[in-house]
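Read through the structure below, which is laid out as structure tokens, and then see the notes.
Each reported figure results from applying straightforward, stated rules to the coordinates on display, with no laboratory input. Computed from a predicted model, the values in this text were never measured in an experiment. Cβ sites come from the backbone with ideal geometry, for glycine too, and all protein chains shown count toward neighbours.
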């Protein structure tokens, strides 16, 4: 049975310098999100834009209509600097279709909270599932 998620791919220097980002398809894994012991509250669905970024979280989701930014980690609570967080394959395909930083992936994301909400702080979440995905330019 094929896994529906893969690791994001190298998010360090190789990602920053690559003209076209190509994720590693060899590292297929089963996502550890909804069943993680680190989940602190009920999982939820949000319509938002997933994009790549520099900084503490290399993958972020902006919930449409808010001023919040959610940082994506794995269900083990780690950001996995070398290979990125586990994301659904459909998201990876869209991200890999354009040069890094030029595409965001709008869609409905099923997320699980790995940290509690705190005003002024980016909340850590993991991605359980994604649907209704559309790639769009990031401005």
Show me, bin by bin at 5 Å from 0, the whole-percent P(r) of the range 83-122 based on Cα pairs. 5, 16, 22, 21, 17, 14, 5
Extension gain (nm, one decimal) between residue 42 and residue 90, 0.36 nm per residue minus Cα-Cα: 14.9 nm
By counting other Cβ atoms within 10 Å of each Cβ, how are 118, 102 ranked from fewest to most? 118, 102
